[in-house]
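Here the structure comes first, spelled out in structure tokens, and everything after it is commentary.
Please treat every number below as a calculation from the coordinates, not as lab data. Being a predicted model, the structure only gives us computed values, none of them experimental. Here Cβ is always computed from backbone atoms with ideal geometry, including for glycine, and neighbour counts include all displayed protein chains.
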Amino acid sequence: MGFELTIVETERLCIRQITNEDAKDLSKVLADPEVMRYSTVGVHTKEQICDYIANCKNQYKLNGYGHWAIYNSVTNEFVGVCGLNKHKVGTDDVIHINCRLVIDQQGKGYAVESTHGVLDFAKKSLKLKAVHALIEPANITSVKAVNRAGFQFIKSSVFRGFEIDIYQVAL
């Protein structure tokens, strides 16, 4: 794991750029129907995971952010992905956070910890003033995680044909 790829380190996690070598680990998240249940893009095939990696690399170059891999700092075990995306929701351009964890890594506080790490990066490195979260109302686990990370409900909307709630945190 190259230090130059590291975006942020938290107490237990190393959040870093995604590389081609992460494809197998990424399948534990992106190809898992349970993890991807509340995804607007759905379960990924191997080919789609390769496209996802290429898109991540492209986003790093274009925007200085994207989705990053999360690894346990001590065991080097893959935890999931967390990152920032920019999308138009209604008439607004929003930068929103997204986090998906491997099933056996859920319930350990990693979603909130990685969210705090990415928000710290967004504030210090990207100089963002706010970050949003777009969550389907039925995704109670994610709602609880963003609430614990300091996000506040703003409004309901539609994104890619899905009913979502928009949350925001000021940085």
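A Förster radius of 22 Å, combined with the Cβ-Cβ distance separating ASN63 from ASP32, puts the computed FRET efficiency at roughly 0.25. Between the amide H of LEU128 and those of LYS123, distances stay under 5 Å, these residues lying 5 or more places away or on another chain, with hydrogens modeled in the peptide plane. Computed from label points 7 Å out along Cα-Cβ, the spacing between ALA54 and PHE162 is 2.4 nm. Our Cα-only numbers for the stretch 3-170 put the radius of gyration and Dmax at 14.8, 43 Å.
Net charge near THR40, counting Lys/Arg +1 and Asp/Glu -1 over other residues with Cβ under 14 Å of its Cβ? Mind dumping the intermediate values first?
On the way: positive: ARG37, LYS88, ARG100, ARG160; negative: GLU136, GLU163, ASP165.
Taking every Cβ under 14 Å from that of THR40, the sum is +1.
Rounded to the nearest 20, the size of the Cβ-charge dipole of the chain about its Cα centre is 440 debye, with Lys and Arg at +1 and Asp and Glu at -1. With a Förster radius of 41 Å applied to the beta-carbon distance between ALA130 and SER73, the computed FRET efficiency rounds to 0.90. Taking a threshold of 30 Å on the Cα-Cα distance, which of the pairs LYS24/LYS86; LYS61/LYS144; LYS57/LYS155; LYS46/LYS127; LYS46/LYS124; LYS46/LYS123 fall above it? Beyond 30 Å between Cα atoms: LYS61/LYS144; LYS57/LYS155; LYS46/LYS127; LYS46/LYS124; LYS46/LYS123. Residue separation of ASP92 and ASN20 scaled by 0.36 nm, minus their Cα-Cα distance, works out to 22.6 nm of gained length.
Please report GLU21, GLU9 as a ranked list, fewest other C-beta atoms within 10 angstrom at the top and most at the bottom.
Numbers: GLU21 10, GLU9 13.
Placing the least packed residue first, the sequence is GLU21, GLU9.
Calculated FRET efficiency, ARG148 to THR6, Cβ-Cβ distance, R0 = 25 Å: about 0.55 to the nearest 0.05.
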